[in-house]
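Each remark here refers to the structure printed beneath this line.
Just so it is clear, none of the values below were taken in a lab; they were calculated from the coordinates. Keep in mind the model is a prediction, meaning the values are calculated, not measured. Note: ideal-geometry Cβ built from the backbone for every residue, glycine included; neighbour counts use all protein chains shown.
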Amino acid sequence: MYRLKRDYFKECEGSGLRLVDYKSQPAGYGLYTFEGCGHEQLIQYVHVREGAFRCISCYENERSEIYTRAGVKFVSDLCEDRDKNYKLVEIVACGHTQAIALNALKSSEFSCVTCKNNRWAEEASMHGLEVVGKGRDSRYLTYRLPCGHEQDFQRGNVKRGIFSCDICNGTKHGKDRKSYLYMLLIKRKNFEWIKIGYSLDIDRRVKQYQLIDGCSIRLVECIEFPNRKEVAAVESKIHSSCSTYSHDSGIMEAFMLGGYTECYKIDNYEDVINIFREEVENAKDFIR
Ligand SMILES: [Zn+2]
Ligand SMILES: [Zn+2]
Ligand SMILES: [Zn+2]
């Protein structure tokens with residue numbers, strides 16, 4: 001006659017669980033009811049013994065309540081290893097995707113980084129500037145001027161149109177030198193993206209990105225231009241043609257602190273590299 005090695009019914013007494021069925025379940029598992037909430041769940045006997053269980057239905061309800069209250073939709077645990085509680089979510093109001101700490105979701109203490117960056121980019125472009133990175137502190141951003149030089153300005157001053165180029169105005173020394181238009185593939189674990197930009201010194205520029213640990217970088221295109229003005233024009237054409245392939249900056253800020261605005265999806269690699277090569281070809285008279 002079949003005899004239970006252990007008395008599974010007795011074993012779970014006082015644990016908040018009630019054993020419903022053990023015969024027709026996978027080996028090692030029993031079907032239990034949580035006495036508190038009434039949810040049923042398959043749990044391993046060994047976990048019941050160790051007290052290592054929780055109601056998954058209640059846990060998921062709680063999570064989905066947090067997301068609903070915060071006005072977001074859960075996407076994935078993409079940034080899990082940076083901080084266990086970082087979730088990739090879609091902000092329902094604007095549709096942008098962003099990595100947000102679970103605690104910030106709980107207290108609704110977050111705002112859309114992509115919308116904010118878009119607003120700053122718009123304010124800059126009204127005055128012919130382009131935002132290229134974070135500035136020396138939170139009041140500043142690094143801007144690229146129409147002359148191709150880059151400088152930190154206070155956002156409020158840019159909004160009011162109060163700025164000028166220190167290099168062109170001779171208050172700072174600088175010579176218009178050659179510049180490189182580049183395309184990089186940056187990969188971290190199973191997330192890979194395309195980064196396009198220009199710089200006199202690509203290595204230095206990559207350091208300014210302040211990528212999080214564990215990224216590998218591959219240079220796939222590198223074109224030398226004689227001066228910044230030409231390369232700036234080509235780069236801006238590429239960016240406007242590629243805009244539909246770009247990642248929300250709210251995602252990219254989880255990976256890099258600078259250069260997070262002009263990152264493109266790896267799925268659109270063929271389109272992006274074709275546009276890059278086409279614009280370079282159109283500008284070949286300027287290239288050495
Ligand atoms: Zn439950
Ligand atoms: Zn947004
Ligand atoms: Zn200048």
Return a whole-number percent for the relative contact order of the chain, with Cα pairs under 8 Å and 6 or more residues apart as the contact set.
11 percent
Using a Gaussian network model of the chain with C-alpha springs under 10 Å, which one of 272, 231, 46 is most mobile by mean-square fluctuation?
46
Compute log10 of I(q)/I(0) for the chain with the Debye formula, placing one identical point scatterer on every Cα and leaving out solvent, at q = 0.09, 0.10, 0.13 Å⁻¹, to two decimals.
-0.59, -0.67, -0.94
Does the range 113-159 come out rounded, prolate or oblate, given a ≥ b ≥ c as the square roots of the eigenvalues of its C-alpha gyration tensor, rounded meaning a/c under 1.5 and, failing that, prolate meaning a/b above b/c?
oblate
Quick check: the angle from helix 56-70's long axis to the longest principal axis of the chain, C-alpha only, nearest 10 degrees?
30 degrees
If the chain between residue 192 and residue 65 were fully extended at 0.36 nm per residue, the gain over the current Cα-Cα distance would be 42.6 nm
Stretch residue 75-residue 93 to full length: gain in nm at 0.36 nm per residue minus the Cα-Cα span?
5.0 nm
Any chance you could list P(r) for the range 127-260, counting all Cα-Cα pairs in 5 angstrom bins from zero, rounded to whole %?
2, 9, 18, 22, 22, 16, 8, 3, 0, 0
Per 0.36 nm of contour for each residue apart, how much would the distance between residue 219 and residue 160 grow if the chain were fully extended, relative to their Cα-Cα spacing?
17.4 nm
With a point put 7 Å past each Cα toward its Cβ, work out how far residue 138 is from residue 21 in nm, to one decimal.
5.6 nm
Which whole-number percent gives the relative contact order of the range 8-54, counting Cα pairs below 8 Å spaced six or more residues apart?
30 percent
All-pairs Cα distance distribution in the range 8-54, expressed in whole percent, bin size 5 Å:
5, 26, 39, 24, 6, 0
Considering only Cα-Cα distances, which of the following residue pairs are longer than 20 Å: 207/237; 237/284; 134/159; 229/284?
207/237
Among 108, 236, 249, which comes first, second and so on when ranked by fewest other beta-carbon atoms within 10 Å?
108, 236, 249
The range 99-172 and the range 222-288 have their Cα centres apart by a whole-number Å value of 19 Å
Mind checking which lysines have their Cα closer than 18 Å to the Cα of residue 87? Skip sequence neighbours fewer than 8 apart in that chain.
73, 106, 189
Solvent-free Debye scattering, log10 I(q)/I(0), computed from the Cα coordinates of the range 1-126 at q = 0.09, 0.18 Å⁻¹:
-0.45, -0.95
For residue 13 and residue 50, FRET efficiency with R0 = 22 Å and r from the beta-carbon atoms, rounded to 0.05?
0.90
Sorted by average packing, counted as other Cβ atoms within 10 angstrom per residue and highest first, what order do 145-152, 131-138 take?
145-152, 131-138
Divide by every residue of the chain the summed helix terms, -39500 (n - 2.57) for each DSSP H run of at least 4, and state the resulting mean residue ellipticity at 222 nm, rounded to the nearest 500 deg cm²/dmol.
-9000 deg cm²/dmol
Length-normalised contact order of the range 179-286 in % [C-alpha pairs under 8 Å, at least 6 apart]:
32 percent
Rg/Rh for the range 57-107 to two decimals, with Rh computed the Kirkwood way over all alpha-carbon pairs.
0.95
Once the Cβ-Cβ distance between residue 35 and residue 282 is put in as r, and R0 is 51 Å, what FRET efficiency do you end up with, to the nearest 0.05?
0.10
